[in-house]
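Input: a single structure, listed below in structure tokens.
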Amino acid sequence: MARRKRKDEPTDWVAPDFDEVGYMRTEIQAAKTAVLTIAWAAVGAIVSFLLYSVNAALAFFAGIAVAVGLYYVLPFLGISVKGFKRRDWTGHGITYFFSWLAFWILLLNPPFGDFTTPTIQAISVSPYQTGYTGGLSCLPLVGGAVFVPQNPPNDSVYVLFRATDNVGIASLQVNVTPVGSAQPPFELTPIPLSGLSRCRNHTSEPYPGGTYSVSFKFGPASTYRVIVAARDPSGHIAAYTFDIHD
């Protein structure tokens, strides 16, 4: 009959020797691989950035395809990939993807890149007379047009609009064309506005940034076609056309 081992008797198991040198080499290689993967993701982001103006989908898939280059770049830079398992490549792939995406988004925005066109919005028109400083009706557009009755003493229209861009507006033009009249087209100079709004029911609210105004005498034509065009420093142009009817 086998003798029962007492609790205080020593066991036969001996802990293996800890390979400190091997462990340090493994950790150093893992750190180098992570750094090189992030650096290679920056290369992929540059490729995507250069192709974005050609085609956004092409830029996306090209950036993903650059990740395949890790298989060749890592050995070239002294990282042995022979011992890499599927989970290792999966981890490096995830690191590459999110690093590439972060770098790419960074490059697509100022000051590195500008792919956003200006925005023209919040257009309203009010009956107006020269020298008037009171509240404005601020009639909104409906279907790209607005009816502004010209009741005396009103003889003009006052146009409010916003023109904004993620970098800034380089130039802003307002062109007016009388419809069905011999009156020639003319150009207006937008005036930037600040302070409290003059629109009725909104007089306690400040004008949002990028708010401009123009005004012109209404007549003899009964319809005026207005084109607001904005250009940013990168050359992107946005334009909005609407009609003002009496």
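The values are calculated or read from the model by the stated rules, or taken from the named source; none is laboratory data. Since this is a predicted model, take the numbers as computed values, not measurements. Note that we place each Cβ from the backbone using ideal geometry, even for glycine, and neighbour counts take in every protein chain shown.
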| query | With respect to residue 234, is the statement that it is small (Gly, Ala, Ser) and over 31 Å from the mean Cα position of the chain (by Cα) true? | reply | no
| query | What about residue 164, is it β-branched (Val, Ile, Thr), surrounded by 13 or more Cβ atoms within 10 Å (Cβ to Cβ), free of Cβ contacts under 8 Å to residues at least 60 places away in the same chain and at negative phi? | reply | yes
| note | Considering the range 71-92, residues that are of a type outside the set (Phe, Trp, Tyr) and not in a helix (DSSP H, G or I), and then whichever is farthest from residue 29 (Cα to Cα), we arrive at 85
| request: Please determine, by comparing only the residues of the range 161-187 that are touching a Ser or Thr at 6+ places or on another chain (Cβ under 8 Å) and among the hydrophobic types (A, V, I, L, M, F, W, C), which one is farthest from residue 223 (Cα to Cα). | output: 167
| request: Check whether at least one residue in the range 171-178 is closer than 30 Å to residue 106 by Cα and surrounded by 15 or more Cβ atoms within 10 Å (Cβ to Cβ), and report yes or no. | output: yes
| request: Sort through 216, 147 and tell me the only one that's loosely packed, with under 15 Cβ neighbours inside 10 Å, hydrophobic (A, V, I, L, M, F, W, C) and touching a residue at least 24 places away in the same chain (Cβ under 8 Å). | output: 147
| note | Note: among 62, 57, just one is more than 24 Å from residue 31 (Cβ to Cβ), in contact (Cβ under 8 Å) with a residue 12 or more places away in the chain, in a helix (DSSP H, G or I) and in the same structural domain as residue 34 (by TED's automatic domain parsing), namely 62
| field | Residue list for the range 111-140, restricted to those being assigned to a loop (DSSP other than H, G, I, E, B), surrounded by 13 or more Cβ atoms within 10 Å (Cβ to Cβ) and free of Cβ contacts under 8 Å to residues at least 60 places away in the same chain | value | 129, 132
| Which of the residues spanning the range 66-77 are in contact with a helix residue (DSSP H, G or I) (Cβ under 8 Å, 6 or more places away or on another chain) and without any contact (Cβ under 8 Å) to a residue 40 or more places away in the chain? | 66, 67, 69, 70, 73
| query | in contact with a Lys or Arg (Cβ under 7 Å, 6 or more places away or on another chain) and either among the aliphatic types (A, V, I, L, M) or over 25 Å from residue 238 (Cβ atoms) (or both), is that true of residue 156? | reply | yes
| query | All but one of (1) touching a Gly at 6+ places or on another chain (Cβ under 7 Å); (2) over 19 Å from residue 126 (Cα atoms); (3) of a type outside the set (Phe, Trp, Tyr) hold for residue 172; which doesn't? | reply | (1)
| Tabulated pairs, the range 195-213, first in contact (Cβ under 8 Å) with a residue 40 or more places away in the chain and surrounded by 14 or more Cβ atoms within 10 Å (Cβ to Cβ), second basic (Lys, Arg) and in a strand (DSSP E or B), C-beta under 6 angstrom, 6+ apart or interchain | 210/162; 211/162
